[in-house]
1. In the set A152, A132, A183, A171, which member is open to solvent by less than 10 Å² (accessible area, probe 1.4 Å) and under 16 Å from the mean Cα position of the chain (by Cα)?
2. What helices (runs of 4 or more DSSP H), lying completely within region 93-160, carry at least 3 residues that are more than 12 Å from ligand 1 (Cβ to nearest atom)?
3. All but one of (1) surrounded by fewer than 17 Cβ atoms within 10 Å (Cβ to Cβ); (2) in a loop (DSSP other than H, G, I, E, B); (3) basic (K, R) hold for K83; state the number of the condition that does not hold.
4. Can you find, within region 233-270, the residue that is farthest from ligand 2 (Cβ to nearest atom) among those that are part of a strand (DSSP E or B) and touching a residue at least 60 places away in the same chain (Cβ under 8 Å)?
5. List every residue pair whose Cβ atoms lie under 8 Å apart, where the two residues are 6 or more positions apart in sequence or sit on different chains, the first residue falls within region 6-34 and is under 22 Å from T95 (Cα atoms) and more than 16 Å from ligand 2 (Cβ to nearest atom), and the second residue, located anywhere, is part of a helix (DSSP H, G or I) and open to solvent by 10 Å² or more (accessible area, probe 1.4 Å).
6. I'd like the full set of residues that are open to solvent by 20 Å² or more (accessible area, probe 1.4 Å), under 22 Å from Q260 (Cα atoms) and assigned to a helix (DSSP H, G or I), limited to region 273-310.
7. Test T150 against the criterion of being of a type in the set (S, T, N, Q), modelled with pLDDT of 95 or more and touching a strand residue (DSSP E or B) at 6+ places or on another chain (Cβ under 7 Å), and give yes or no.
8. M240 versus (1) open to solvent by less than 20 Å² (accessible area, probe 1.4 Å); (2) within 14 Å of ligand 1 (Cβ to nearest atom): which is the lone unmet condition?
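The values are calculated or read from the model by the stated rules, or taken from the named source; none is laboratory data. Not measured: the values here are computed from a predicted model. Note that we place each Cβ from the backbone using ideal geometry, even for glycine, and neighbour counts take in every protein chain shown. Surface areas here come from the heavy atoms of the whole protein model, side chains and all, with no ligands, DNA or RNA. Shrake-Rupley method; radii C 1.70, N 1.55, O 1.52, S 1.80 Å.
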Amino acid sequence: MKTQLLKVNEDSIALGAKLIREGELVGFPTETVYGLGANALDAEAVVKIFEAKGRPQDNPLITHVSCVEEIPPLVRAIPAAAKKLMEAFWPGPMTLILPKADCIPNAVSAGLDTVGIRLPSNADARALIRAAGRPIAAPSANRSGRPSPTTALHVLEDMDGRIPLILDGGACQVGVESSVIDATGDVPVILRPGGITPEMVERVLGHVRVDEHVMSPLREGDVARSPGMKYKHYAPKADMVIVDGSSDAVVSKINALVHQKQENGQKVAVIATEESGPSYHADVILSMGSRSNEDAIAQHLYKILRECDELHVDAIYSESFQTPRIGQAIMNRLLKAAGHTVIHCD
Ligand code: AMP
Ligand code: MG
């Protein structure tokens, strides 16, 4: 199959909408990461998403809508807490888990009785959904196990020859996936951290829970409330270790570890910041941007993990990024990339 890469405009959106209606897949921009979309009400189209990504069948997809009026037919109920969250944070980087209606195929919900719904703020994403006239089921547009794509070229790297069309709307503003919030019970539970933080939810509802597996790995016998928790996403090919502690201690520790690896003939990358980058003696130093600009850190994260693969490094050491707002989302992705290997030093 030939893959077309087209800049977003009226014509390319119309073509994308036609492909979606015909049961084909389209790569498209959202404010979080690029999505791989199909008609959410067409089970056969949805199956193609799992094939193109190599995604495990038991990992459900998020269904995207262009306005709240499109939601009632897709769900059995919208609890009061969910309504408040919608008013506060939509359109935006938040997915709400709600009880699903029968029209949502099991392929979308991976057999669960619930469905994840999101109203993106990205105008191109909403234009595509509106023009298609159907809700669009879309996971991130990467091959399973690869970092999520934050540019159209990342989508092309992973999906060339597998899908007919990628819409290029430029780099994603947020850069990490949406917050996933289970809104089916009395107290909402954050299943995946993202741009909407626990503090923001608490301010609206007065309470929130964060699932324990957001920052710690699942152990044998644990049940994943969100199937995506089970998978080691976002993993670069090289072994990755996070080093946490005071900034001076981290620089010394990472430099010592880099030295050891280099003695053994290995090529090493360090993930650092503008401020700390010059202090390292590694083969490659990748900067997440200024430590004071947490939005930029989130935007650069996946591009940098992709670069680690392209540079064919053997080992990666990363500073830790506990920034105030989107820091939990950044660390959740970094911890997964590192398989939860963290060295603490003072
Ligand atoms: P992706 O679209 O690739 O970012 O993945 C979607 C994420 O949302 C995965 O981690 C899923 O496990 C989660 N998700 C989607 N639908 C549900 C649902 N009904 N219940 C719990 N988690 C869900
Ligand atoms: Mg994904």
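1. A152
2. 123-132, 152-159
3. Unmet for K83, out of (1) surrounded by fewer than 17 Cβ atoms within 10 Å (Cβ to Cβ); (2) in a loop (DSSP other than H, G, I, E, B); (3) basic (K, R): (2).
4. G245
5. Pairs that qualify, where the first residue is under 22 Å from T95 (Cα atoms) and more than 16 Å from ligand 2 (Cβ to nearest atom) and the partner is part of a helix (DSSP H, G or I) and open to solvent by 10 Å² or more (accessible area, probe 1.4 Å), are V26/L19.
6. P278, S279
7. When the stated conditions are applied, T150 does not pass them.
8. (2)
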